[in-house]
Amino acid sequence: MNRFTVFLPALLAATPLVAGEATVIRNATVITVTKGTFQGSILIRDGKIVEAGEKVLIPDGARVIDAGGQFVMPGIIDCHSHIAADSINEGAVAVSSMVGIEDVINPDDIDIYRALAGGVTTANVLHGSANPIGGKCQVMKMRWGKDAEGLKFEGAMPGIKFALGENVKRSGSAGNGFGASPGLRYPASRMGVEDVIREALTQARAYQKEWRDYQAKLDRHEQAIPPRRDLKLDPLVEVLEGKRYVHAHCYRADEILMLLRVADEFGFKIRTLQHGLEAYKVAKEIAAEGVGVSTFSDWWAYKAEAFDAIPYNAAILVRKGVLVSLNSDSAELMRHLNTEAAKAMKYGGLNETEAISLVTINPAKQLGIEGRVGSIEPGKDADLAIFDKHPLSNYAKVEKVFIDGELYFDREKDLEERPGKELRKKALIDKEKAQEKKDRRRPGQTEDKKSEAPGGVQ
């Protein structure tokens, strides 16, 4: 974060929503994802979609946005991101389920605003991949200008990060970028990764039994001492009880099958296989388990595990009945997820609706929030992106983005306000430089007199 980021949210804040005020987006090509595509309008009130159809009555006093020649789609959802987190990995231990992204959200991260400019309204912000079992995840909306609590997606199912492969077994090495100290940290092999996950879940199952036994005694009106609370095991008990989703970083087919077997043994389901670049090799087995895959469109060969990746991965999985999304894992790529989805039409022959589903309703389902976002339907949150051309076009630009019915990004307004913001930025820089110059001067010195300090320090 640079020294000027702190005032950006105030400069780029959303247009306030007045309670009961209606907004109508009219004359647009509306891509609902689940209910077809049509020329028509959308009525928004109190942060919700009230109506979407070819003919929508405009209420008296409604704010009207003419989107003639433009396209409206649900806000894009990124199922794998790391933006707005001041730290990502707690790599010093193999199991870090006691830590959570919700505690390190930085609402001033400019990547939030840039994501908005790419039509993204919701993201799953994950812990890193340094641990077989990592920290807790946070689903958030791109409500630029809100504080950390205001970014959180209320009511979203909590998640946790698991990880397999190279990042985990090498995380004890120096200079790997995953936050671990130099020296060996177990596990150092793929065998060890499975053992760590299995051992942690075994501990969680025993811990779960202790609490159930304690509750049973209370139910019988017996005196009982509660077990000692373990913040590392609490999230894993939630996993065992289906109250917390597991999003698992993985690449290789053999490791995917291993994790599916472990999940079966402990009686829970992996919610998403993140990356899953060899998932096409075991698509049938993944589909049989009802597990989702959140993958890249065409990233490969950037590490040993990724050499068997193919751009047809997403389409093959879709055709095999797997719930698939495309994610970014990158603040830059996050701004272009609409065209990432378009690649699945070239590589695999998905149709337009199937392609757009990869970044809207499918990730919404993977995160358990499809009842609120991911498609344009009455009753859902008014999280919408307006493009000047079809969203799957390389030439499409985002014109406006709404979250909960509030206008959080407006390209025209952004461009108009840039000169003024540059002037304010320059004024702040000049003021800071003047203060630094003043602070360097000793008492009694004139402004132009240089210091006599050794080494020529001024």
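The values are calculated or read from the model by the stated rules, or taken from the named source; none is laboratory data. What you see is a predicted model; the values in this text were computed from it and never measured. Every residue, glycine as well, gets a Cβ built from its backbone with ideal geometry; the counts of neighbours run over all protein chains shown.
So here's what we get for this one:
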quantity: Spans of strands (runs of 3 or more DSSP E) in segment 22-80 with at least 2 residues of a type in the set (D, E, K, R); calculated: 48-53, 63-66
quantity: Answer from VAL125, VAL139 - the residue that is within 20 Å of ALA331 (Cα to Cα) and in contact (Cβ under 8 Å) with a residue 60 or more places away in the chain; calculated: VAL139
quantity: Cross-chain or 6+ apart pairs with Cβ under 7 Å, segment 226-243 first and in contact (Cβ under 8 Å) with a residue 24 or more places away in the chain and within 14 Å of ARG271 (Cβ to Cβ), then surrounded by 17 or more Cβ atoms within 10 Å (Cβ to Cβ) and among the polar types (S, T, N, Q); calculated: PRO235/SER97; LEU240/GLN208
quantity: Identity of the residue in segment 254-273, of a type outside the set (Val, Ile, Thr) and not in a helix (DSSP H, G or I), that ends up surrounded by the fewest Cβ atoms within 10 Å (Cβ to Cβ); calculated: GLY267
quantity: Filter result for the condition that a residue is at pLDDT below 95 and either outside the structural domain of ASP410 (by TED's automatic domain parsing) or not aliphatic (A, V, I, L, M) (or both), over GLY155, GLY159, GLY91, GLY69; calculated: GLY91
quantity: Scan of segment 333-351 for residues that are over 16 Å from LYS397 (Cβ atoms) and within 15 Å of the chain's Cα centre (by Cα), ordered by number; calculated: LEU333
quantity: Any hit, segment 301-313, residues being closer than 20 Å to SER129 by Cα, buried (at least 21 other Cβ atoms within 10 Å of the Cβ) and either without any contact (Cβ under 8 Å) to a residue 60 or more places away in the chain or in the same structural domain as GLY348 (by TED's automatic domain parsing) (or both); calculated: yes
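Listed here are the residues, each with its yes/no results for (1) assigned to a loop (DSSP other than H, G, I, E, B); (2) within 21 Å of the chain's Cα centre (by Cα); (3) at pLDDT 95 or above.
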{"residue": "VAL282", "(1), (2), (3)": "no, no, yes"}
{"residue": "GLU285", "(1), (2), (3)": "no, no, yes"}
{"residue": "ILE310", "(1), (2), (3)": "yes, no, yes"}
{"residue": "ALA315", "(1), (2), (3)": "no, no, yes"}
{"residue": "SER325", "(1), (2), (3)": "no, yes, yes"}
{"residue": "SER330", "(1), (2), (3)": "yes, yes, yes"}
